[in-house]
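Visitor: Provided herewith is a single structure, encoded as structure tokens, for subsequent inquiry.
The values are calculated or read from the model by the stated rules, or taken from the named source; none is laboratory data. Since we're looking at a predicted model, the values are computed, not measured. Glycine gets a Cβ as well: all are built from the backbone with ideal geometry, and neighbour counts include every protein chain shown. The accessibility values were calculated without ligands, DNA or RNA, using every heavy atom of the protein model including side chains. Shrake-Rupley method; radii C 1.70, N 1.55, O 1.52, S 1.80 Å.
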Amino acid sequence: MNLDSLKAALMQAGCVRLYAKTLSANDNSKNQIYLSGSVESLHMFRPFEIASTNSSRGPTFKGKIDFGWLMNSGLIAPAPKAQLILYSQYPEVRLSGFLAQCADAPSELMVKRLSGRVLFMGLTRQSEVVAYVASPRSHLAKEFAALKPTTFKGVLLEVVLRTDLSPTTSRDIILNALRQIYSKGWIKSKQLDSSGKTRPCNAPQCGGYTLEAELGVSKNSRAEADYAGWEVKSYGVRNFDRPLSAGPVTLFTPEPTGGCYRTLGFKGFMQKFGYADKRGKVDRINFGGTYFVGRTHPSTGLSLKLNGFDSLKGKIIDGNGSVDLVTTKGVVAASWSFSHVLEHWNRKHRLAAYVPSRKITTPVLSYAYGHTVHLAEHTDHELFLAGLANGSVYYDPGIKVEKVSTENPRSKKRSQFRIHVKNLRSLYKTMDAVDVRE
């Protein structure tokens, strides 16, 4: 196997990205493989079913990944126990379980304490990892050592997988798409349904749906980034020349994982905490309001509480902690486990594009999108939790049940967390304003 044949085999397996690392003696099945000193590799490889544990050293989060070893035959040997482990106390991310229950794993190279091996990790669009390891004295390892380093992701070097393609980055792709949308001016309000059909849209969030429709993104898609790896968020403004002087933007809408919302079910939660529509709409129960950490809402008596997060250090201190919506007596109405927040936040917000919009209602509801967009990168779940702790992020549900007394009540579930646009920078380590006209 040489570098060209490895790339060909990985592309045949559907890989679109390739990362590699020269392994130290300590990178083995016993000590795990060190990938990153931050959560960056969690963004790249997108673990799922994240679970948490606590130890004397601090909380640990473990997430499964779809991982397999590329064999010289071109076939892939699945490693069903592969997982990424985030040790929050350092922090660092390691790869573990990559040999367990894999019949054709390269155990002879990955069990030993042996310097100079090279681990290649191809990544498909579906976040599947296809790995290959080269021995220290192999031709492949020597080819890799001769490469000129360019882009690093943690300790992983990104290797160009295809030389016949233009070096267009995902940043270029999203900016080109937003440039085309900006140039269209006013766009009639619309949405793509789950089957990809264009439908009219008249809801308050149609600015976002219209933008997503222009990008070819359907409603109710899975919890992944919208376009070319970027989560795209629209928010309303009065003046395109002042894109950050606007109101709130919705960050994400994760369903609660605990509290009465789960133990009583949605119907029981609404019966206990919901209230009759304040505008007099008959046969309707609402649950809304804005909820902040440490502030009791005057109408519902509920407030947010961070359970297991040190707001002074900005660190999780209990892996089993959660964001709780509680009564004054401490009853948990709804909660979101830190594991759930980590999984969804890192999947959705690795790369985020914030796009200002304006609307007109006559002759028909239409939206236009601004020339200055903000591209945000390098975030993690602890920055989100810190935003909750300092009050810049808040819970703003839009939950309702209509036709309550009928046999077929109609429910809307929207547990959204929001932030004012002016505070967005606090959630990311990098945030650039880009004029798409240039």
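Visitor: (1) touching a strand residue (DSSP E or B) at 6+ places or on another chain (Cβ under 7 Å); (2) closer than 30 Å to Phe273 by Cβ; (3) buried (at least 20 other Cβ atoms within 10 Å of the Cβ): which one isn't true of Val404, the others all being true?
Guide: Failing condition for Val404: (3).
Visitor: Which residues, counting only those in the stretch 45-75, are surrounded by fewer than 20 Cβ atoms within 10 Å (Cβ to Cβ), aliphatic (A, V, I, L, M) and part of a strand (DSSP E or B)?
Guide: Ala51
Visitor: Also, I was wondering about something else. What residue, of Glu343, Glu255, is among the acidic types (Asp, Glu) and crowded, with 19+ Cβ neighbours inside 10 Å? Can you show your working first?
Guide: Details: Glu255 fails: crowded, with 19+ Cβ neighbours inside 10 Å.
Exactly one of Glu343, Glu255 is among the acidic types (Asp, Glu) and crowded, with 19+ Cβ neighbours inside 10 Å, namely Glu343.
Visitor: Quick check, is Leu42 at pLDDT below 90, open to solvent by less than 30 Å² (accessible area, probe 1.4 Å) and either part of a strand (DSSP E or B) or in contact with a helix residue (DSSP H, G or I) (Cβ under 6 Å, 6 or more places away or on another chain) (or both)?
Guide: When the stated conditions are applied, Leu42 passes them.
Visitor: Now for a separate question. Of the numbered conditions (1) aromatic (Phe, Trp, Tyr); (2) in a strand (DSSP E or B); (3) within 25 Å of the chain's Cα centre (by Cα), Phe98 fails exactly one; give the number of that condition.
Guide: Failed condition: (2).
Visitor: Can we say Gly247 is touching a residue at least 40 places away in the same chain (Cβ under 8 Å), touching a Gly at 6+ places or on another chain (Cβ under 9 Å) and small (Gly, Ala, Ser)?
Guide: yes
Visitor: Output the residues belonging to the stretch 174-200 that are in contact with a helix residue (DSSP H, G or I) (Cβ under 6 Å, 6 or more places away or on another chain) and of a type in the set (D, E, K, R).
Guide: Lys190
Visitor: Out of Ala145, Ala105, report the one residue that is open to solvent by 10 Å² or more (accessible area, probe 1.4 Å), assigned to a helix (DSSP H, G or I), in contact (Cβ under 8 Å) with a residue 12 or more places away in the chain and in contact with a strand residue (DSSP E or B) (Cβ under 8 Å, 6 or more places away or on another chain).
Guide: Answer to the selection: Ala145.
Visitor: Which of the residues belonging to the stretch 124-142 are part of a strand (DSSP E or B) and closer than 19 Å to Lys81 by Cβ?
Guide: Glu128, Val129, Val130, Ala131, Tyr132, Val133
Visitor: What residue, among those in the stretch 283-299 that are out of contact with any Gly (no Cβ under 6 Å at 6 or more places or on another chain) and among the β-branched types (Val, Ile, Thr), is farthest from Ile419 (Cα to Cα)?
Guide: Within the stretch 283-299, the match that is farthest from Ile419 (Cα to Cα) is Thr296.
Visitor: Being in contact (Cβ under 8 Å) with a residue 12 or more places away in the chain, open to solvent by 30 Å² or more (accessible area, probe 1.4 Å) and assigned to a helix (DSSP H, G or I) is the filter here, so list the residues in the stretch 8-23 that pass it.
Guide: Met11, Gln12
Visitor: Next up: Would you list the strands (runs of 3 or more DSSP E) that sit entirely within the stretch 178-261 and hold 3 or more residues that are over 13 Å from Arg358 (Cα atoms) and either over 16 Å from the mean Cα position of the chain (by Cα) or among the basic types (Lys, Arg) (or both)? Spell out the reasoning first.
Guide: Values: elements: 190-192, 198-200, 231-236, 248-252.
Where strands (runs of 3 or more DSSP E) fall fully within the stretch 178-261 and carry at least 3 residues being over 13 Å from Arg358 (Cα atoms) and either over 16 Å from the mean Cα position of the chain (by Cα) or among the basic types (Lys, Arg) (or both), they are 190-192, 198-200.
Visitor: Could you tell me how many of the residues in the stretch 297-315 are surrounded by fewer than 15 Cβ atoms within 10 Å (Cβ to Cβ) and in contact (Cβ under 8 Å) with a residue 24 or more places away in the chain?
Guide: 4
Visitor: Is it the case that some residue within the stretch 225-237 is open to solvent by 20 Å² or more (accessible area, probe 1.4 Å) and without any contact (Cβ under 8 Å) to a residue 40 or more places away in the chain?
Guide: The answer is yes; a qualifying residue exists.
Visitor: Inside the stretch 65-106, can you point out the residues that are at pLDDT below 95 and over 22 Å from Ala20 (Cβ atoms)?
Guide: Listed by number, the residues that qualify are Tyr87, Ser88, Gln89, Tyr90, Pro91, Ala103.
Visitor: Among all residue pairs at least 6 apart or on different chains, which show Cβ distances below 6 Å where the first residue, located in the stretch 332-343, is closer than 16 Å to Asp396 by Cβ and the second is of a type in the set (A, V, I, L, M, F, W, C)?
Guide: Matching pairs, first to second residue: Ala333/Cys260; Ala333/Phe273; Ala333/Leu302; Ala333/Leu325; Ala334/Leu325; Trp336/Val323.
Visitor: For residues that are open to solvent by 30 Å² or more (accessible area, probe 1.4 Å), of a type outside the set (A, V, I, L, M) and not in a loop (DSSP other than H, G, I, E, B), scanning just the stretch 360-398, find the one that is farthest from Ile173 (Cα to Cα).
Guide: Asn390
Visitor: For the stretch 427-438, which residues satisfy the criterion of being in contact (Cβ under 8 Å) with a residue 24 or more places away in the chain and surrounded by fewer than 16 Cβ atoms within 10 Å (Cβ to Cβ)?
Guide: Hits for the stretch 427-438 are Lys429, Thr430, Asp432, Ala433, Asp435, Arg437.
Visitor: Still on this model: Condition (residue is buried (at least 18 other Cβ atoms within 10 Å of the Cβ), in contact with a helix residue (DSSP H, G or I) (Cβ under 9 Å, 6 or more places away or on another chain), aliphatic (A, V, I, L, M) and at pLDDT 90 or above) applied to the stretch 30-38: is it met by at least one residue?
Guide: yes
Residues are listed down the side, and each one gets a yes or a no for (1) open to solvent by 50 Å² or more (accessible area, probe 1.4 Å); (2) without any contact (Cβ under 8 Å) to a residue 40 or more places away in the chain:
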site: Leu99; (1), (2): no, no
site: Val111; (1), (2): yes, no
site: Arg117; (1), (2): no, no
site: Arg125; (1), (2): yes, no
site: Ser135; (1), (2): no, yes
site: His139; (1), (2): yes, no
site: Leu157; (1), (2): no, no
site: Gly185; (1), (2): no, no
